[in-house]
Amino acid sequence: MFSRSVLRGLASDLRLTAPTSISATPLPQRACLHQTALLRTSQQSQPQSSSPNPDAPLSATPRAQSSQPEPQNGFKAPSFDPTTNSTHADTAANTITPRTRKDIPIEKQPIAPHFDSPLEVTKSLLERLPHLAGQLPHYVVAELHARPYLLTEGDHLRLPFLMPNVKPGDILRFNRASAIGSRDFTLKGSPHVDERLFECRVRVTGTEAEPLRIKEKTKRRQRHTKQARSKHRYTIMRVMQVRIKSPEELLKEGVEVVEDTEDLPNIEARS
C-alpha cells in the first residue's frame, strides 16, 4: 500500500505532465496540413510547364528586342528608307512648312469670294499702284468685329476672344481693311478698301488661356458671398502674307478703268 503523501505526489505529477503530452501531439499534424494546403494553392496558381524554369527571361521577349513591331490584324508597319532617314509614312505627309499658296493643301485654302460686278478703279490709282506694290514691306489696318489691327508680314496676333470653328494650321484671309500702304504711299478706303486689291492671309497657330480669376461678390446687409470665376481664352495667329496686287493682275482679272471720282479710293503719297 502506498501512503497518502506518495499518492498525492503522483497525482500532482500527472496533472503537470498531462497537458504537455496532450498538446504536443496535434501540433505537428496541424503544421503538416497547413503546409500541404499552401503547396496545393501554389501548384494551382503556377502554369504547368515541362521545365521548372521559363524558356526565356521576361526582359528578353522578342517584342522588346525588335525595333519594328510585328503586323497585327492586317496592319502593315511603315518601311524605313535609309537614303532619306525616314519612313514612307513621314514622306507621304508634308512635314515641310508651306511657303507659298501652292504648298498649302486645297482643304486648307480659303474659299474664293464671288462678286456680281467687276472691280472699278481710276486711272490715277492704276498709275500709282506699281509704286505702292513695289515698295516693301506693306502694312494693313484690318478690321475684325469692328476692331482695327495694324498688321505686317510676320506679326503675331492674339485675338481677345476664342474664334469658333478654327483649328491650328487653318489659313484665314482678312478681307476688310480701312487702309493699306507702305512707307511712302497709302491707299485708304471709303470706308473699306475693296478686297480684290490686296491679300492678307493669317495662319491659326493655337489658343492661349489666362490664369483662373476668382472675384467675390457681396450685397449690402447680406452675409452670403458669391464667387464669380472667369478664365478667358484667346486665339493666336501669325500673319503670313500682306500683298498688293499689280496692275497686270487686276487687268487679267477683268478690272474696269473709269474716270477719277471722289467716291472711288485713291493712293495718297506722303510728303
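The values are calculated or read from the model by the stated rules, or taken from the named source; none is laboratory data. For clarity, every value in this text was computed on a predicted model and none was experimentally measured. With ideal geometry, Cβ positions are generated from the backbone for all residues, glycine too; neighbour counts draw on all protein chains shown. Accessible surface is based on the protein model in full, side chains and every heavy atom, while ligands, DNA and RNA are left aside. Shrake-Rupley method; radii C 1.70, N 1.55, O 1.52, S 1.80 Å.
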Against the condition among the small types (Gly, Ala, Ser), within 30 Å of LEU125 (Cα to Cα) and either assigned to a strand (DSSP E or B) or open to solvent by less than 40 Å² (accessible area, probe 1.4 Å) (or both), how does ALA228 come out, does it pass?
no
How many residues does region 242-268 hold that are open to solvent by 60 Å² or more (accessible area, probe 1.4 Å), out of contact with any Ser or Thr (no Cβ under 7 Å at 6 or more places or on another chain), assigned to a strand (DSSP E or B) and of a type outside the set (Lys, Arg)?
2
Which of (1) at pLDDT below 80; (2) closer than 30 Å to GLY189 by Cβ; (3) in a helix (DSSP H, G or I) is the odd one out, the single condition GLU107 does not satisfy?
(2)
